[in-house]
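A.B. asks: Have a look at this one.
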């Protein structure tokens, strides 16, 4: 049997890494972070235990990469859903709704992710995070920002703040109120994106 080409080897590595990321999302969502082990992740992914350490220095870094990948894929699906659009305001609305929607649908995963960022490990720079950042920055550009390098970090901070507020133990903020605030900041129509069933107290924001 002839040896595999570098391209085939690279594709196999990519698939193995993605299986580990998928398995991490599944197990943390099902059992929580503490109950999830690297061995369990490897078993769920059908991979050797040593492969986890080959790709990731630890469980926290693996989780951050897995969540960043999930966020990137969720955001991309939201931006590209039908009907397709090039309207910058609609794309900004879809981006906000994608991240808020993921927070509501996967609270355990997102809460664990945010807790990890605030701990000693901090913010993990990984390929998945870079793809997420690129997609958010492109959204800011298409929205029409004259200073995307300054406005992208601001959008990221605002979205992270909204995620924290939704997940705050004992005192969560209503998603509709947080969405209304973000939409008002960016001059977006409440009916853009994927509006929730409930409007915020006081009515919907005035279209910009």
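The values are calculated or read from the model by the stated rules, or taken from the named source; none is laboratory data. All figures in this text were calculated on a predicted structure; none of them were measured in a lab. Here Cβ is always computed from backbone atoms with ideal geometry, including for glycine, and neighbour counts include all displayed protein chains.
A.B. asks: So residue 65 clears everything in (1) exposed (fewer than 15 other Cβ atoms within 10 Å of the Cβ); (2) under 15 Å from the mean Cα position of the chain (by Cα); (3) under 22 Å from residue 115 (Cβ atoms) except one condition, right? Which one?
C.D. replies: (1)
A.B. asks: What helices (runs of 4 or more DSSP H), lying completely within the stretch 97-208, carry at least 3 residues that are surrounded by fewer than 18 Cβ atoms within 10 Å (Cβ to Cβ), modelled with pLDDT of 95 or more and in the same structural domain as residue 78 (by TED's automatic domain parsing)?
C.D. replies: Those helices (runs of 4 or more DSSP H) span 127-143, 148-167, 175-185.
A.B. asks: Identify, by number, the condition in (1) under 19 Å from residue 21 (Cα atoms); (2) surrounded by 17 or more Cβ atoms within 10 Å (Cβ to Cβ); (3) free of Cβ contacts under 8 Å to residues at least 60 places away in the same chain that residue 91 doesn't meet.
C.D. replies: With respect to (1) under 19 Å from residue 21 (Cα atoms); (2) surrounded by 17 or more Cβ atoms within 10 Å (Cβ to Cβ); (3) free of Cβ contacts under 8 Å to residues at least 60 places away in the same chain, residue 91 is out only on (1).
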